[in-house]
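The values are calculated or read from the model by the stated rules, or taken from the named source; none is laboratory data. This one's a predicted model, so the numbers in the text were calculated from it and none came from an experiment. Positions of Cβ are backbone-derived with ideal geometry, glycine not excepted, and every protein chain shown enters the neighbour counts.
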């Protein structure tokens with residue numbers, strides 16, 4: 001196949017599309033967490049990448065220190081890191097309510113440095129291997145390509161969690177509380193709902209989503225202290241492209257951007273690192289509030 | 001004027017209530033009381049502090065001091081949600097219908113705070129038939145009158161027996177005002193205790209047992225509805241009506 | 001009666017303010033004059049470049065309340081361009097620095113034009129994302145030499161007259177560049193243009209309703225800030241004789257935020273003092289490796305929670321002046 005003057009082999013194309021979907025799974029989970037947090041706390045969580053990294057490390061330590069395998073990690077790591085998030089919200093973010101949101105942003109930024117530095121201190125820049133669970137090893141022959149089972153699982157698991165989150169927010173009583181509190185927290189409190197606790201739990205949930213993505217990523221990319229920083233800038237681009245405040249928008253943009261990155265790797269590899277930012281620039285020119293965002 | 005002790009038990013007892021928004025001092029010591037099953041109306045010009053009084057009772061102000069006792073329990077230090085859980089419900093002036101929720105979600109949003117005493121959903125639909133037809137509409141798509149009805153209906157389900165209604169007739173058509181008047185009268189018959197803020201003096205006079213008049217963040221006068229005719233001169237002066 | 005008292009106290013304040021600022025300025029100049037005799041001159045020059053960088057950053061956060069989390073892109077790009085002009089094109093240092101400043105200014109205008117319509121937190125994310133794009137570009141582009149960076153940049157003769165390979169000449173040169181940048185930024189902030197910026201910070205809708213095109217003012221401020229950050233980066237390339245990926249990295253972007261926060265956002269002298277402290281901290285804590293990042297992060301958190309005015313802001317508030 002020839003496109004844009006490149007000779008492209010179909011297996012390479014499918015392979016990159018798959019990698020794109022995998023990356024998109026992480027972008028979607030991370031930007032979804034950012035959107036959930038933003039909706040409730042009106043802050044951008046700059047420590048999100050650090051929590052993603054810590055989720056992967058939690059899986060690593062659970063296996064190494066307690067022998068708990070991947071499936072336990074998938075549940076426990078988000079709970080543990082989510083609890084860290086709850087503590088961060090209670091101890092720090094709560095105190096900054098009522099101040100310029102830039103201060104909360106700087107605070108999460110500083111916390112990201114602390115977490116990042118601590119892990120770098122002990123593990124350097126190198127990565128720790130984390131084995132693919134044996135239930136998910138091997139590959140399926142799809143006829144036109146081989147699909148490693150684990151990669152297929154990542155895509156399915158991420159889509160399921162994203163869709164489940166959307167369902168909870170849009171279709172349940174709990175989601176109604178969240179949406180109402182996003183609009184007018186004081187009034188929801190005046191109905192007897194403990195909104196401050198809800199805020200804490202929302203932040204913890206957004207953080208847990210990041211940690212979940214981290215566990216999913218552990219067997220694919222190695223567990224590295226720098227893994228969060230590398231992905232965060234792209235996730236911000238996803239959020240800017242999709243527009244803040246739209247749950248479905250951030251999920252969709254995450255997957256689409258991952259695929260676009262994959263395609264760029266096939267057709268113009270030099271730009272694969274920057275394509276997300278170029279798209280962000282174009283969206284900012286055409287629709288400054290993002291594709292799914294409401295004008296501010 | 002009736003003495004407080006001569007009436008049935010006092011539900012709400014406010015003494016020396018002061019309230020601030022940021023730096024501005026709005027309430028300078030409000031004293032008022034509401035007895036069980038009473039409808040009490042707060043009168044006063046714009047900016048006199050009526051809305052702030054309701055919000056301060058609910059705990060929705062920056063800072064407050066003094067005493068607010070509800071069924072004998074002091075609430076001045078309690079956070080908003082605890083006050084609500086004691087059975088205090090506010091229907092705010094801006095109605096605060098959530099635009100991102102459907103009418104049904106809005107209606108069922110406030111959690112039940114008492115196992116008994118809440119109005120059944122059938123009774124609510126009987127009081128506000130329009131709501132039943134619009135259950136699946138978005139909260140942002142309602143007319144002003146429908147919003148007001150939803151805002152009142154929302155707090156009836158919860159089991160709160162003390163309702164604070166802030167200008168429920170503001171900006172509404174006469175037909176709707178009449179319907180809301182009938183509803184409040186009905187609620188009174190059912191034994192709800194109501195603290196009403198109302199600019200529409202004519203509307204309030206048909207419902208209220210007693211009146212408090214506010215100016216500059218203080219209560220300047222209080223009287224029973226029987227004394228209304230004798231106070232008209234003062235009221236014209238104080239309210240500028 | 002009260003009017004006279006108020007006028008008198010306002011006059012008193014202006015008088016006190018002018019005095020305090022003279023003392024602060026004199027102290028700063030004296031420190032710059034003495035510093036190379038008591039500290040390692042290369043360290044001082046490095047600190048002066050970062051001090052200018054922080055002052056440029058402060059023009060945005062301090063006076064327009066715009067938080068850029070990608071300011072290293074201007075420092076780094078200018079550094080690369082200046083190094084390239086001096087080494088490959090053989091430009092003398094002043095023209096090489098001018099090339100760097102120009103590049104940063106153009107980039108600042110482009111990024112600013114895209115980002116400036118977005119409000120607070122969005123703006124921070126967009127600048128961070130663009131900075132990351134410039135970082136990837138610097139990794140890939142041939143002229144930046146990727147991981148190696150541009151090494152062995154000649155210092156040359158400034159304007160063909162003064163040989164900057166003489167350490168004393170270089171020091172005076174860097175000190176003059178810093179003072180020029182510092183005073184220029186102070187001028188901008190105190191000009192009618194700066195007054196409008198401050199008005200935008202306080203109440204943007206109001207300024208727009210008065211007929212000002214606030215977006216253009218913000219864009220101008222962003223472009224100027226990028227230009228001065230470029231001046232700092234280009235000068236740094238001449239001082240260090242190299243340009244590297246560190247200069248465009250996220251950690252440099254976060255350091256400039258920290259410098260400004262520690263010194264005091266929206267003060268004239270805070271960012272410079274903060275730069276000195278952060279650079280000194282890096283130097284003395286270098287042996288602790290990654291602990292530097294942890295400490296920096298902790299200082300961030302502490303400042304945000306308990307010390308939002310920063311050192312100079314706190315001093316100024318105590319002395320009831322604005323510095």
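Is there any pair linking a residue in the range C:277-301 that is within 13 Å of another protein chain (Cβ to nearest Cβ) and without any contact (Cβ under 8 Å) to a residue 40 or more places away in the chain to one that is buried (at least 17 other Cβ atoms within 10 Å of the Cβ) and not in a helix (DSSP H, G or I), with Cβ under 7 Å and at least six apart or on different chains, and which?
Listed pairs, sorted by first residue: C:301/A:92.
Quick one: how many residues across the range B:110-149 are crowded, with 19+ Cβ neighbours inside 10 Å, modelled with pLDDT of 90 or more, assigned to a loop (DSSP other than H, G, I, E, B) and under 21 Å from the mean Cα position of the chain (by Cα)?
Result for the range B:110-149: 2.
From the list B:107, B:101, which residue is more than 10 Å from every other protein chain (Cβ to nearest Cβ) and surrounded by 20 or more Cβ atoms within 10 Å (Cβ to Cβ)?
B:107
Are any of the residues in the range C:302-314 away from every other protein chain (no Cβ under 14 Å), at pLDDT below 95 and surrounded by 24 or more Cβ atoms within 10 Å (Cβ to Cβ)?
Within the range C:302-314, one or more residues are away from every other protein chain (no Cβ under 14 Å), at pLDDT below 95 and surrounded by 24 or more Cβ atoms within 10 Å (Cβ to Cβ).
Checking residue C:168 against (1) more than 22 Å from the chain's Cα centre (by Cα); (2) within 25 Å of residue C:110 (Cα to Cα): exactly one of these is not met. Which one?
Every listed condition holds for residue C:168 apart from (2).
Any idea which of C:114, C:66 is assigned to a helix (DSSP H, G or I) and within 10 Å of chain A (Cβ to nearest Cβ)?
After ruling out the rest, the residue left standing is C:114.
Among the residues that make up the range C:28-44, is at least one of them outside any helix (DSSP H, G or I) and free of Cβ contacts under 8 Å to residues at least 12 places away in the same chain?
yes
Before we move on, is residue C:132 more than 9 Å from chain A (Cβ to nearest Cβ) and either at pLDDT below 90 or farther than 30 Å from residue C:203 by Cβ (or both)?
no
Is there a residue in the range B:60-75 that is assigned to a helix (DSSP H, G or I) and surrounded by fewer than 23 Cβ atoms within 10 Å (Cβ to Cβ)?
Looking for residues that are assigned to a helix (DSSP H, G or I) and surrounded by fewer than 23 Cβ atoms within 10 Å (Cβ to Cβ), one finds none in the range B:60-75, hence no.
Would you tally the residues in the range A:82-114 being at the interface with chain C (Cβ under 8 Å from one of its Cβ atoms), in contact (Cβ under 8 Å) with a residue 40 or more places away in the chain and surrounded by fewer than 22 Cβ atoms within 10 Å (Cβ to Cβ)?
So the answer is 1.
Can you tell me which residue within the range A:135-144, out of those that are touching a strand residue (DSSP E or B) at 6+ places or on another chain (Cβ under 9 Å) and either assigned to a helix (DSSP H, G or I) or at positive phi (or both), is nearest to the other protein chains (Cβ to nearest Cβ)?
If we take residues in the range A:135-144 being touching a strand residue (DSSP E or B) at 6+ places or on another chain (Cβ under 9 Å) and either assigned to a helix (DSSP H, G or I) or at positive phi (or both), then A:136 is nearest to the other protein chains (Cβ to nearest Cβ).
Output the residues belonging to the range B:161-189 that are part of a loop (DSSP other than H, G, I, E, B) and over 22 Å from residue B:132 (Cα atoms).
Result: B:161, B:167, B:170, B:171.
State whether the residues of the range A:229-238 include one that is away from chain C (no Cβ under 14 Å), part of a helix (DSSP H, G or I), touching a residue at least 12 places away in the same chain (Cβ under 8 Å) and closer than 26 Å to residue C:251 by Cα.
No, the range A:229-238 has no match at all.
Which of the residues that make up the range C:69-80 are part of a helix (DSSP H, G or I) and under 17 Å from residue C:261 (Cβ atoms)?
If the condition is that a residue be part of a helix (DSSP H, G or I) and under 17 Å from residue C:261 (Cβ atoms), then C:72 is the only one that fits.
Which residues, taken from the range A:275-286, are more than 19 Å from residue C:108 (Cα to Cα) and touching a residue at least 40 places away in the same chain (Cβ under 8 Å)?
Matches in the range A:275-286: A:276 only.
Just to be sure before I move on: is residue B:212 more than 14 Å from chain A (Cβ to nearest Cβ), surrounded by 15 or more Cβ atoms within 10 Å (Cβ to Cβ) and touching a helix residue (DSSP H, G or I) at 6+ places or on another chain (Cβ under 8 Å) in the structure I sent?
no
In the range C:85-111, how many residues are part of a loop (DSSP other than H, G, I, E, B) and touching a strand residue (DSSP E or B) at 6+ places or on another chain (Cβ under 9 Å)?
Residues flagged as part of a loop (DSSP other than H, G, I, E, B) and touching a strand residue (DSSP E or B) at 6+ places or on another chain (Cβ under 9 Å) within the range C:85-111 amount to 2.
Name the single residue, out of those in the range C:135-165 being within 14 Å of another protein chain (Cβ to nearest Cβ), farther than 16 Å from residue C:107 by Cβ and without any contact (Cβ under 8 Å) to a residue 24 or more places away in the chain, that is surrounded by the most Cβ atoms within 10 Å (Cβ to Cβ).
C:140
For the subset of the range A:115-131 comprising residues that are closer than 13 Å to residue A:53 by Cα and at the interface with another protein chain (Cβ under 7 Å from one of its Cβ atoms), which member is surrounded by the most Cβ atoms within 10 Å (Cβ to Cβ)?
Filtering first and then ranking leaves A:116.
Just for the range A:183-214: of the residues that are in contact (Cβ under 8 Å) with a residue 24 or more places away in the chain and under 25 Å from residue B:56 (Cβ atoms), which one is farthest from the other protein chains (Cβ to nearest Cβ)?
Across the range A:183-214, the extreme among qualifying residues is A:199.
Answer yes or no: is there a residue in the range C:65-73 that is more than 24 Å from residue C:269 (Cα to Cα) and modelled with pLDDT of 95 or more.
no
Could you list, in sequence order, the residues of the range B:199-237 that are modelled with pLDDT under 90 and within 22 Å of residue B:172 (Cβ to Cβ)?
Within the range B:199-237, B:199, B:200, B:201, B:202, B:203, B:204, B:205, B:206 meet the criteria.
Could you check the range A:257-274 and list, in sequence order, the residues that are touching a residue at least 24 places away in the same chain (Cβ under 8 Å) and either within 14 Å of chain C (Cβ to nearest Cβ) or more than 14 Å from the chain's Cα centre (by Cα) (or both)?
A:257, A:259, A:260, A:261, A:262, A:263, A:265, A:266, A:267, A:268
If the requirement is being surrounded by fewer than 20 Cβ atoms within 10 Å (Cβ to Cβ), touching a strand residue (DSSP E or B) at 6+ places or on another chain (Cβ under 7 Å) and either at pLDDT 90 or above or within 14 Å of chain B (Cβ to nearest Cβ) (or both), which of these qualifies: A:156, A:168, A:149, A:223?
A:149
Quick check on this structure: which one of C:319, C:237 is in contact with a strand residue (DSSP E or B) (Cβ under 6 Å, 6 or more places away or on another chain) and over 30 Å from residue A:115 (Cα atoms)?
C:237
Pick out the one residue from B:140, B:145 that is within 12 Å of chain A (Cβ to nearest Cβ), farther than 17 Å from residue A:189 by Cβ and free of Cβ contacts under 8 Å to residues at least 60 places away in the same chain.
Only one candidate qualifies: B:140.
Residue B:83 passes all but one of (1) under 17 Å from the mean Cα position of the chain (by Cα); (2) in contact (Cβ under 8 Å) with a residue 40 or more places away in the chain; (3) within 9 Å of chain A (Cβ to nearest Cβ); which number fails?
(2)
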